[in-house]
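The next block holds one structure in the form of structure tokens; read it before the comments.
The values are calculated or read from the model by the stated rules, or taken from the named source; none is laboratory data. All figures in this text were calculated on a predicted structure; none of them were measured in a lab. Don't worry about glycine lacking a Cβ; one is built from the backbone with ideal geometry, like all the others, and counts go over all protein chains shown. The protein model used for the area step is the full one, side chains on, heavy atoms only, and it has no ligands, DNA or RNA in it. Shrake-Rupley method; radii C 1.70, N 1.55, O 1.52, S 1.80 Å.
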Amino acid sequence: MNEIRPIEPALGTLETLRQVEQKLLWLSAWMIHNANHLRPNRDGLKVGGHQASCASVTSIMTALYFEILRPQDRVAVKPHAGPVLHAINYLLGRQSVEQMAGLRQFGGAQAYPSRTKDGPEIDFSTGSVGLGVALTSFASLMEDYVRAHGLISPQTPHSRKIAIAGDAEMDEGNIYEALLEGWKHDVRDVWWIVDYNRQSLDSVMPDRLFGRFEGLFRDMGWKVVSLKYGRALEAAFNRPGGASLRGWVDDCPNSIYSALTFQGGAAWRQALLADMGKSRTVRAIIDPLTDAELGALMTNLAGHDLETLTEAFRAATKTDQPTVFLAYTIKGMGLPFAGHKDNHAGMMTVEQMDLFRTQMNVRPGHEWDAFEGLARPEAVRHFVHSVPYAAPLTPSGRRLPAGRIAVPDKLPQPRTTGRRMSTQAGFGEILSEIGRAAGDSAALSRRIVTMSPDVAVSTNLGPWINRRGVFDRHTRDDVFRDNKLASAQRWGTDPGGQHIELGIAEQNLFLLLGAAGLSHDLTGARLLPIGTVYDPFVNRGHDALLYACYQDARFLLVSTPSGITLAPEGGQHQSTNTPLLGIVQDRLAAFEPAYCDELSILLRHAFDHMQRPDGSAVWLRLSTQVLAQPERQLDAAHVIAGAHWVSPPAPGARLAIAYQGAVAGEAEKAFAMLREDMPEAGLLAVTSPDRLYAGWREAQRSRRQGRAGTSHIEAILAPLAPEAVLVSVLDGHPAAHAWLGGVRGNKIMALGPDHFGQSGDITDLYREYEVDAAAILDACAEGLLTI
Ligand SMILES: Cc1ncc(C[n+]2csc(CCOP(=O)(O)OP(=O)(O)O)c2C)c(N)n1
Ligand SMILES: [Mg+2]
């Protein structure tokens, strides 16, 4: 707590909060103004920023941060209010003028709050609307999880997870998916505060919508707190004639209310008198007021009324029931474009800003001064530093320290001798063995938490779940088991379970992986989350996956089955683009093993990599393709780096076949035939085009900067003749491999399905999509012919 002593008598809290609110309004507007008008602009692009969105939520954030929040609470702030959050942190001494002056500039404060770029003061990144809101619910679920498993001290105070949401975010479908899932898991300590300005980006919202929202939230077990009118309007409504006035405002369409707000007092008077001019009691309320006073009265909504807000928030702290606040606000409140439907990206002109500065009592040259222009700056300063949220969560900020979980040198390996099996089955067996929790694996298995959107059994998580149980805050019986009805699966739940079963919505899987993958930072308990999903349906949750990675969440994604290899399943269940997603996704290391020995190496690597400061999330793309398992010694470093020679080429060889994943058998068949004519040819197993590509790029960068460096793929391909042909094949889009030809200038014939959607057996489909041994041999012949 800061020691600054007040040199002025303390102000009443409400008055002080008003001054803080004024400061936040000024600083957020100024930050955006500075970025757009006062910095050199090298490319002529609009810099942008959202003064109206900030003004809309300033009162809400003032009440929340300076009256209600405790250090352990975690907040997702709607993307366009980023500047308000920066201003709050600035007043608290946690943000610099340089960062704020650099808003939207390289190295400066990000456009939208970002955990990875803005630093440890940001609890959740936001930007893709709706996702940050939903994430709070899953973060609450994960806090319950680590608590129930004794991974944090029971004395740790409960942390409330709060989303400050724009009302348009409620249009995103993922909100409702999360609501349903939250209900199933009985989440608690979640608040969603909706900045209900009835405006989105393009326009004013339909009026009938919000009645629906209240019902939806109530149905999902939420407490709904509707914060509509401020104190002044409520007082007016209580006067004679007030009921008519309330009825008029209640019935006023959003678009008309917005337009009148923009036009101001005279327009309000005209509209009110046109409808209620004959009522003496209404006139008694309206007539004594100046235009300015009337404008202020009619826009006195609860979302701008600090008293109403603090009271409502305080009351809600008495329960852990999830609570939604529908706080009526005006977009751009206090700024010249308040209420205008086009104000989303609207910005004050230089002249308007100058006038605003004068109104805010800010002297030219003192625009960044934290308490400039306030009536009682020292009292406000003292207040700000003495609120609960001002106490640091840890000496080093809002990221909690969490130790590393030791990973054994070798994971249990499935028995492979003489077996034909798939990587998906291998994954199930390895995890099940880890689940036995003996010896070195015990510490590891305690931290593993699995999750799946209704595909746990079909992705081979079953044996693990049978050993470790299904998590729920409440113990629920497995009716089938209790009635001794035969079932391979144990589905009773209890707080000690280590699998979280989700409904089928894939976005929820990735949001939960995101929340679990931030557990070390947010709760101080490190987890090793594993999510399983069918590979094609990664696409269904892709935005949430991207979002989880953007926040640097650490988790293992296992997607299976994949490709066209799930043959008879056909149609929409085939995936061809996912290997490409694995390459392009930042902060996600993607692998596709063909055999279980590779899988075991990669799974171990994943547990380690997820925990390294310079690590990332990991993705394993697996398959149901059954292959005879080889007996061999592998170089783990090569498997992890992305490729290893199954059969190394002779120096100067003119041909090599490179395969990835499920099509290994076809490549081996083709290679055996090819060998008869070209004994010098090589067979390369590619376990990760993603890692190979990243390594290649990194080596190029190093060399450009004058440092030595050879990437793994350059070293691997080095024995081949410069004019050698590479024939590559994977059960995924061939572009994932096509770049390999660029590494050393080899000609490449890249095979892989670039169409999909036929049902059939593997023989038919591999033929149809040209990834069978015959197609590989044809490609070899064609490649050799043309060099
Ligand atoms: C997924 C996604 N789609 C579109 C956008 C572009 N966008 C940014 S803000 C916004 C509307 C915001 O309206 P609202 O949530 O009501 O915020 P406010 O009115 O408080 O600015 C849109 C469409 C986005 N950020 N994310
Ligand atoms: Mg809005």
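Things to note:
- The fraction of accessible area contributed by carbon and sulfur in region 427-473 is 42 percent, rounded to a whole number (1.4 Å probe; ligands and nucleic acids excluded).
- Total charge dipole magnitude, region 1-131, about the Cα centre, Cβ charges on Lys, Arg, Asp, Glu only, Debye to nearest 20: 400
- Accessible surface of region 193-299, 1.4 Å probe: 53 percent of it comes from carbon and sulfur atoms.
- Largest to smallest in accessible area, the residues Glu378, Glu506, Glu311 fall in the order Glu311, Glu378, Glu506 (1.4 Å probe, all protein chains included).
- Centre separation in Å (Cα based) which lies between region 374-447 and region 66-121: 25
- Net charge over other residues, Cβ less than 11 angstrom from the Cβ of Pro734 (K, R count +1; D, E count -1): -3
- Cα gyration tensor, region 591-742 - rounded (a/c under 1.5), prolate or oblate: oblate
- Antiparallel DSSP beta bridges within region 634-787, as percent of all bridges there, nearest 5: 20
- Within the chain, percent of DSSP bridges classed antiparallel, to nearest 5: 15
- Nearest-20 debye value, region 99-229 charge dipole, Cβ charges on Lys, Arg, Asp, Glu: 220
- Count Lys and Arg as plus one, Asp and Glu as minus one, and take only other residues whose Cβ is under 9 Å from that of Arg654; the net charge is then -2.
- Region 414-517 shape via C-alpha gyration tensor axes, a/c threshold 1.5: rounded
- Full-stretch length increase - Arg420, Arg473 - with 0.36 nm per residue and alpha-carbon distance subtracted: 15.1 nm
- The loop-placed trypsin sites (Lys or Arg not before Pro) in region 621-668, going by DSSP, that have at most 14 neighbouring Cβ atoms within 10 Å of their Cβ come out as Arg632.
- Alpha-carbon centroids, region 582-639 and region 725-786: separation in whole Å: 22
- Given +1 at the Cβ of Lys and Arg, -1 at the Cβ of Asp and Glu and no other charges, the dipole of the chain around its Cα centre is 1780 debye to the nearest 20.
- Its DSSP H runs of at least 4 residues, each contributing -39,500 (n - 2.57), put the calculated 222 nm mean residue ellipticity of the chain at -12000 deg cm²/dmol, to the nearest 500.
- Inter-centroid distance (Cα atoms) of region 187-208 relative to region 488-524, Å: 27
- Take every Cα pair under 8 Å whose residues are at least 6 apart in sequence, average their separation, divide by the length of the chain, and the relative contact order is 12 percent.
- Computed from label points 7 Å out along Cα-Cβ, the spacing between Asp369 and Arg239 is 4.0 nm.
- Accessible area per residue, Å², region 4-115 with all protein chains present, probe 1.4 Å: 34
- Straightening the chain between Ala735 and Arg612 buys 41.3 nm, computed as 0.36 nm per residue apart minus the Cα-Cα spacing.
- Backbone geometry of region 524-535 corresponds, through the Karplus equation with coefficients 6.51, -1.76 and 1.60 at θ = phi - 60°, to 3J(HN,Hα) couplings of x, 10, 7, 10, 10, x, 10, x, 10, 7, 5, 3 Hz, x marking Gly and Pro.
- Relative contact order (%) - region 15-95, alpha-carbon pairs under 8 angstrom, separation at least six: 41
- Sites Asp409 and Leu485 - FRET efficiency at Förster radius 60 Å, r taken between beta-carbons, to 0.05: 0.90
- Summed residue charge, Cβ within 13 Å of Gly435's Cβ, Lys/Arg positive, Asp/Glu negative: +4
- FRET efficiency estimate (nearest 0.05) - Cβ-Cβ, Leu216 to Ala292, R0 30 angstrom: 0.20
- Proximal aspartates and glutamates relative to Lys223, as straight alpha-carbon distance under 17 Å, when same-chain residues fewer than 8 apart are discounted: Glu181, Asp186, Asp189, Asp195, Glu214, Glu311, Asp320
- Solvent-accessible area per residue for region 585-698 (1.4 angstrom probe, square angstrom): 34
- Within the accessible surface of region 557-637, defined with a 1.4 Å probe on protein heavy atoms only, the carbon and sulfur portion equals 50 percent.
- Oblate is the label for region 553-664, because the ratio a/c of its alpha-carbon gyration tensor axes (a ≥ b ≥ c) is 1.5 or higher and a/b is not greater than b/c.
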